[in-house]
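Data block below; observations after.
Just so it is clear, none of the values below were taken in a lab; they were calculated from the coordinates. Here the structure is a predicted model, which is why all the values come from computation and not from measurement. Heads up, the Cβs are rebuilt from the backbone with ideal geometry, glycines too, and the neighbour counts pull from every protein chain shown.
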Amino acid sequence: MSSIRDRLTSSPEPEPEDSAPGFAEHDTRSAGGSGAAESDPVAVSHHGANADTKRAELAVSGLFLLAALGAVGFIATYIAWPFKYGESGYQYYTPMLGITMTLALVGVGAGAVLWAKTLMIDEETVQERHHLNSDPEDRAGAAAVLKQGAEESGLMKHPILRRSFLLSQAALAVLPIPLLFGLGHFQHKERALAKTGWKKGSRLLDELGRPVKMGDLDVGGVKSVFPDVPGGRRMADSAALLIRMRPDQLKTTKNRENWVVEGHIVYSVICTHLGCPVKLYEQQTHHLFCPCHQSTFDAANGAKVLFGPAARNLPQLAITVDADGYFVARDDFYEPVGPSYWERKPSYKEPTYDGTAL
Amino acid sequence: MATTKTPKQNPAVGTAIWVDDRLGSSNFLKRSLNKVFPDHWSFMLGEVALYSFIVLLLSGTYLSLFFDGSSREVIYNGSYTPLKGIPMSAAYASTLDISFDVRGGLIMRQIHHWAALLFMASIVVHLMRVYFTGAFRKPRELNWLLGVGLLTLGLVEGFAGYSLPDDLLSGTGVRIAASIALSIPVIGTWAQFLVFGGEYPGGHIIERLYPIHILLVPGIILALIGAHLALVWYQKHTQFAGPGRTEHNVVGSKVYPAYSAKAGGFFFLVFAVMAALGGLAQINPIWLYGPYDPSQVTAGSQPDWYIGFLDGSTRLMPNWELRALGHTFSPNVMVPTVVLPGILFTLLALYPFLEAKLTGDKGYHNILDRPRDKPVRTALGTMSITFYLVLLLAGGNDIIASIFHLSINEITYTLRAALFILPPIAYVVTKRFCLSLQRADDDLLHHGIESGTIRRLPSGEFVEETFGVPYVYTTLLATTEERREAIEHQHHEPVTAVRARSHGKGFFRARGRVIEESAEEPPQLETTTD
């Protein structure tokens, strides 16, 4: 070890410029590499070199031994240490594997590097670079071959052949495109994007599938709601949030007075920016906050955008109360929920949309 | 390698002869083992990327034996009790199994994740090294393009792998990716339906990302890495200026044995770092996030670091959206997620060609630049890094807000301004620094080292005494043709003298003397051009 440190720390004084070319004359550095003594290789003490070599050999072997021990430790841990969640000591299983594996790898790695640095002869060598560009004759030759081949193929001589060949290539390039269409169900694409699981008269179900009725929610409370249709809980575009505030806090939009029920209002939680669920509700300010890109919406005022990259309000779901006192949707959302897309229209009306609330 | 068999061979020689009898490989073997590689600590950065990729292949193969890349719904019944009985995708359940029921599965998962982070980090740092030292110049533009391709594929590969466990965090990322696809004009909805199989979530995305992540993209990456290394091998590595180093030679160690031993040892050391991280530093604890549910999200949702700059640009973008001609345009989504990376990566790929065009430099370059000697390039580099760092910081604006109790709105407004103000400042400051450092170098070369002694001449004139800079140090500055000429002029000897000793100044630079391999005259300094 000491010999490396010497070589690193005792960077010798730069030689006077005249002496620089004198080196290649003697090239007898011993394998022990007591490199500090370059200026006079003869002065390398054989005794010192041997001691250095021996020390280095021991250090390298020690590291290789450590690697073997690490590997044995890894295998022992792997087999014997409890690893199942909940077993006592299981939480140390992965760290123990990590430590033993690291020892094995460090042993091999550091051993090899140290070996190379202390025991191997590593001299600076000069190698000439070859020219990357070819001789002019070779270039001319290659160009000639290219030209001759093009002529021999007849591609230049027969224009019809050339054009039909290009056509065949273009046709082959187009061929896989229909295959791509097999990857998606594009039928009713726009309808799928515009519609959600909500239907006229769908009850609002909570996360456990129970219908929500008036009185379930205190003022200031919120509840995730889902449409009462099969699989509604998992529908990516249908998740909504029922919020209750004091009726006087709620600014109802014109023509939407009957979309809310006594301070209960429902918004889509699918962010109009990139589709994250906007569910962080700040009770005092009535702000809805999206944790993905920080768009902030004012739930008390039509979920208007207050801040962030979202451009549009969260769509509001028109609700009412059915005969049993449960909240139901008056219809699907009036506009497509979620992020924007090329074909998106500000409102989506199907022939069947009866526009109860409009 | 002798072609005739001698009775007592060592096994390696025996094998080489056996192969040579069939492939005639001895000449190739000899040349390869004697190939010279220059040494510098910064040349290891690309090695780290390569070694991380090997670790990714090894750990990833192991994981693929247990992972079920399917979005089929299952009820979890593994040993992690908090999630027992909960419906989830088979992908998420099998990731839980790898973490809790497969012996050594968790460490493999964590090594894989850490290796991915390290892979991307080392690629980026390697890219910076290549950029700032001008290693991309002719004849190495092709390798630059391969490198940019690897960086891009690394992003895709990382994102695909990050998405596979189908946990709440990664599912949110996939949701965002789907929305970004939707924002593209004309083809957006088609593209999203095509990739996801229908309206989001579509039910196919895990099944599709899986072969992309374990076969398609890694296959291409492997091929590109092969080409990248082959070009380094064939064109020979660049080197910094130094004693005996010219545009026409390589000064360094032979591949065999010391260089290979060091490089091989270094692989195990890199692997060891990942094993230590994988064993001791928790990463992506998906069991804490829970299975993906489109109606759920956690506060502080962050992608892996290499996607962070795009998340940051998305957060900083103002909410511009317009409707025209019956269609919806979403610059608030498109600009930061599609247009910006498109421009950045195009500029990155074209940089070597743009620089060559603007500087009119058509020569070959094998001696690396010192960043200070190319002030404009270096300033452009720090400018770009500043731009990138502002975006990266913006990607964590919510974390910054909660740690430092700051207003998220004010942080966002500040970073919006910083994105346009800081990069030009970085440009100007860097350029001034470079010019000053250059002047200091020139001063050192022409004026010498100050001795602190003032001599008074018999005439009464005061002069300052200086030492000449030792030859070996001046050669380190010989990065330009003018400098080389000036140094030669000063020292009355060609810089091409190959017998100077190189002075070790660091762990990987301690070595013996230069020996002369080529008996020919040192080549002329004029750069070859075609």
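Structure notes:
- Sequence ranges B:291-297, B:281-287, ranked by mean other-Cβ count within 10 angstrom, highest first: B:291-297, B:281-287
- Local net charge near residue A:63, Cβ-Cβ under 15 Å (Lys/Arg +1, Asp/Glu -1): +2
- The stretch A:200-303, relative contact order in percent, only Cα pairs under 8 angstrom and at least six apart counted: 19
- With a 10 Å cut-off around each Cβ of B:471-479, the average count of Cβ atoms from other chains is 2.
- Phi to ³J(HN,Hα) by Karplus 6.51 cos²θ - 1.76 cosθ + 1.60 over the stretch B:298-304, Hz, x for Gly, Pro: 9, 5, x, 5, 10, x, 5
- Using a cutoff of 8 angstrom between alpha carbon atoms and counting only pairs six or more residues apart, the relative contact order for the stretch A:133-242 works out to 17 percent.
- Whether chain B is rounded, prolate or oblate, judged on the alpha carbon gyration tensor where a/c under 1.5 counts as rounded: oblate
- Taking amide H as placed 1.01 Å from N in the peptide plane, residue B:317 has no amide H partner under 5 Å among residues 5 or more places away or on another chain.
- Put a plus charge on the Cβ of each Lys and Arg, a minus charge on the Cβ of each Asp and Glu, and nothing anywhere else: the dipole of the stretch B:92-216 about its Cα centre is then about 660 debye.
- Ordering of B:181-192, B:62-73, B:445-456, B:326-337 by burial proxy (mean other Cβ atoms within 10 Å per residue, highest first): B:326-337, B:181-192, B:62-73, B:445-456
- Cα centroid separation - the stretch B:380-449 against the stretch A:158-213, whole Å: 44
- Sorting the segments A:69-77, A:85-93 by their mean number of nearby beta carbons within 10 angstrom, highest to lowest, gives A:69-77, A:85-93.
- Helix B:375-394 vs. chain B, principal-axis angle (Cα, 0 to 90°, nearest 10): 20
- Modelled FRET efficiency - R0 45 Å, residue B:376 with residue B:450, Cβ distances, 0.05 increments: 0.90
- At full extension, residue B:31 and residue B:281 could sit 85.6 nm farther apart than now, given 0.36 nm per residue minus the alpha carbon distance.
- Cα long-axis angle, helix B:90-100 against chain B (0 to 90 degrees, to the nearest 10): 60
- In terms of surrounding Cβ atoms within a 10 Å radius of their Cβ, B:359, B:172, B:479 rank from fewest to most as B:359, B:479, B:172.
- For the stretch A:52-138, the square roots of the Cα gyration tensor eigenvalues, ordered a ≥ b ≥ c, give a/c of at least 1.5 with a/b no greater than b/c, which places it in the oblate category.
- Using the Cβ-Cβ distance between residue B:222 and residue B:461 with R0 set to 51 Å, the FRET efficiency works out to roughly 0.15.
- Here is the list for the stretch A:172-264: trypsin sites (Lys or Arg not before Pro) lying in DSSP coil, each with at most 12 other C-beta atoms within 10 angstrom of its C-beta, are A:251, A:254.
- Cα centroids of the stretch B:78-134 and the stretch A:259-300: 33 Å apart.
- Using alpha-carbon coordinates, inclination of helix B:340-359 to the longest axis of chain B, degrees: 20
- Think of each Lys and Arg Cβ as +1 and each Asp and Glu Cβ as -1; about the Cα centre, that makes the dipole of the protein assembly as shown roughly 1960 debye.
- Helical content of chain B, expressed as a calculated mean residue ellipticity at 222 nm, amounts to -18500 deg cm²/dmol (DSSP H runs of 4 or more residues, -39,500 (n - 2.57) each, divided by residue number, nearest 500).
- Figure legend: label point modelled 7 angstrom from the Cα of residue A:283 along Cα→Cβ; residues of the stretch A:228-261 with amide N under 20 Å from it are A:241-251.
- The HN-Hα couplings worked out from phi for the stretch B:185-201 by the Karplus form 6.51 cos²θ - 1.76 cosθ + 1.60 (θ = phi - 60°) are x, 6, 9, x, 5, 4, 4, 5, 5, 5, 6, 9, x, x, 4, 3, x Hz, whole numbers, x standing for Gly and Pro.
- For the peptide B:163-176, the mean number of other protein chain Cβ atoms found within 10 angstrom of a residue's Cβ is 2.
- For the stretch A:339-346, 3J(HN,Hα) per residue [Karplus equation, 6.51 cos²θ - 1.76 cosθ + 1.60, θ = phi - 60°, Hz, x = Gly/Pro]: x, 6, 8, 3, 8, 5, 10, x
- Ordered by the number of other Cβ atoms lying within 10 Å of each residue's own Cβ, fewest first, B:321, A:262 fall into the sequence A:262, B:321.
- Taking other Cβ atoms within 10 Å as a rough exposure proxy, B:434, A:292 sort from fewest to most as B:434, A:292.
- Amide H contacts of residue A:276 (H built 1.01 Å from N, under 5 Å, at least 5 apart or other chain): A:271
- Under the criterion of Cα pairs below 8 Å and six or more residues apart, the relative contact order for the stretch B:215-368 equals 31 percent.
- Here the stretch B:156-230 and the stretch B:33-71 have alpha carbon centers that stand 22 Å from each other.
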